[in-house]
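The values are calculated or read from the model by the stated rules, or taken from the named source; none is laboratory data. Since this is a predicted model, take the numbers as computed values, not measurements. Glycine also receives a Cβ, built like all others from the backbone with ideal geometry; neighbour counts cover every protein chain displayed. Surface areas here come from the heavy atoms of the whole protein model, side chains and all, with no ligands, DNA or RNA. Shrake-Rupley method; radii C 1.70, N 1.55, O 1.52, S 1.80 Å.
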Amino acid sequence: LNSFADLLISFDLEGVEKIKNAFQYLMEIIPFDDRYNNNDNDPFSSANYQKTNFESVDTSANNQTIKLIKDGNLFSVDAKVCGILKQLILDSGASDVIISSDTEHELIEKKLISEKDFLTSSLYRLADGRIVQARRLIIPSIKIGSFTVENVICSVNPSSDIQLLGKSILNRFSKWTIDNNANTLMLEK
């Protein structure tokens, strides 16, 4: 094998698709890796964006403890996605908030999101190791307890109704902890 092209030719179509998806996945995560975002003059660097954009119903509160809903080994939390009450599974391993396609359709029908809120699709690595492509959008607001977090990056789960509260919202807080005995989530801005 003398070149990358020769290497690709030696793979079957499924192998080529896997390489393409892996390369696209790597290109998608580069903007979020601090090693590539340390140039203050770069307008697209994630370091140049304000990451904590909070509005609080109770402006005197800097933290809040929220009761979690326990279902087997899973914890869920009630959240208002653009004012619509949804139950999201707490998943600190998920990079983004994930909504179902049904929730996406409901938000579109109620004109709570529009075409301008959608980003380019992205590749995600699932817990089982597979890499899948998903639609992404910015949810204008998600309210958990008394905290309203604006402009939350979210992906759409087209294959099931599972909805997750991931790191795209948890990382907006300076600190968050789970009390397994009390079944609570403590958020601190």
Practice task
Please arrange ASP179, ASP117 by accessible surface area, largest first, computed with a 1.4 Å probe and ligands excluded.
Solution key: ASP179, ASP117
Completion exercise
Excluding ligands, DNA and RNA, the carbon-plus-sulfur percentage of the accessible area of the range 131-189 with a 1.4 Å probe reads 45
Fill in the blank from the handout: Computed on Cα atoms only, the convex hull of the range 96-189 has an orientation-averaged projected area in nm² of 7.2
Completion exercise
Taking a label point 7 Å from the Cα of ASP179 along Cα-to-Cβ, the residues of the range 63-84 whose backbone nitrogen sits under 16 Å from it are 63-70
Exercise for the section: Calculate, for the range 73-177, the solvent-accessible area per residue in square angstrom, rolling a 1.4 angstrom probe over the heavy atoms of the protein chains. Expected result: 50
Fill in the blank from the handout: Of the range 137-179, those with amide N under 14 Å from the point 7 Å along the Cα→Cβ vector of MET186 are 174-179
Handout entry: the range 56-147: Cα Rg divided by the 2.2 N^0.38 Å rule of thumb
Key = 1.21
Problem - Computed magnitude of the charge dipole of the range 67-138 (debye, nearest 20; Cβ of K, R +1, Cβ of D, E -1) - result: 140
Problem - Within-10-Å neighbourhood charge of THR103 [Cβ basis; K, R +1; D, E -1] - result: -3
